[in-house]
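Enquirer: First the structure, then my questions, so here it is.
The values are calculated or read from the model by the stated rules, or taken from the named source; none is laboratory data. Note that the structure is predicted; figures quoted are calculated from it, not measured. Here Cβ is always computed from backbone atoms with ideal geometry, including for glycine, and neighbour counts include all displayed protein chains. To get the accessible areas, we keep the full protein, side chains included, count just its heavy atoms, and leave off ligands, DNA and RNA. Shrake-Rupley method; radii C 1.70, N 1.55, O 1.52, S 1.80 Å.
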Amino acid sequence: MKLAVLLALLTAPAFATDLPPDLAEAVAAYDRAQIRNDTDALTQLVEDDYVLVNSNASVENKQQFLADFHLPGFKIEPYVLQERVQKVWGDGAVIGGLLHLSWTQDGRHQTRKLRVSYVWAKRNGRWRATYGQVTRVPE
């Protein structure tokens, strides 16, 4: 199972200052798009050179990440990011935290506890995800 779809997440802050409103909206749109399997929206929210490091240490590019949302029966359940961490500077940000992720794929319900982090960059006036890393937390 690819865990690329875990990218998600990231809303309100835990450390640092509040997110700029346009970044907060981009992050919220990203979360909604993952839960809705909305690859059109995700296409606009991640950079063309996007890289995701999954919890199994595999690496995916943007096309591979988006393909996961087309897997038969794949559906991420709504999630809440806990222990949030965020750092914002100029046109860049890192957002992450702890996630209890649940999803269905191939008729099987899955759950994982994960630490996630995402790098966002503001380019041409728009925030887009450029990098994500997902680390499985031992249970």
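Enquirer: Between a residue in segment 23-45 that is in contact (Cβ under 8 Å) with a residue 12 or more places away in the chain and any residue that is part of a helix (DSSP H, G or I) and among the hydroxyl-bearing types (S, T, Y), which pairs come within a Cβ distance under 7 Å, given they are 6 or more apart or on different chains?
Expert: Short answer, once both residue conditions are applied: L45/Y30.
This table checks each residue for (1) open to solvent by less than 50 Å² (accessible area, probe 1.4 Å); (2) charged (D, E, K, R); (3) assigned to a loop (DSSP other than H, G, I, E, B).
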position: L42; (1), (2), (3): yes, no, no
position: E47; (1), (2), (3): yes, yes, no
position: N56; (1), (2), (3): no, no, yes
position: L66; (1), (2), (3): yes, no, no
position: R84; (1), (2), (3): no, yes, no
position: K87; (1), (2), (3): no, yes, no
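Enquirer: Is it the case that some residue within segment 10-25 is within 10 Å of the chain's Cα centre (by Cα), under 24 Å from K113 (Cβ atoms) and at pLDDT below 95?
Expert: Of the residues in segment 10-25, the ones within 10 Å of the chain's Cα centre (by Cα) are 10.
Subset that is under 24 Å from K113 (Cβ atoms): 10.
Cutting the leftovers down to at pLDDT below 95 gives us 10.
Within segment 10-25, one or more residues are within 10 Å of the chain's Cα centre (by Cα), under 24 Å from K113 (Cβ atoms) and at pLDDT below 95.
Enquirer: Restricting to segment 121-139, give me the number of residues that are open to solvent by less than 60 Å² (accessible area, probe 1.4 Å) and in a strand (DSSP E or B).
Expert: 7
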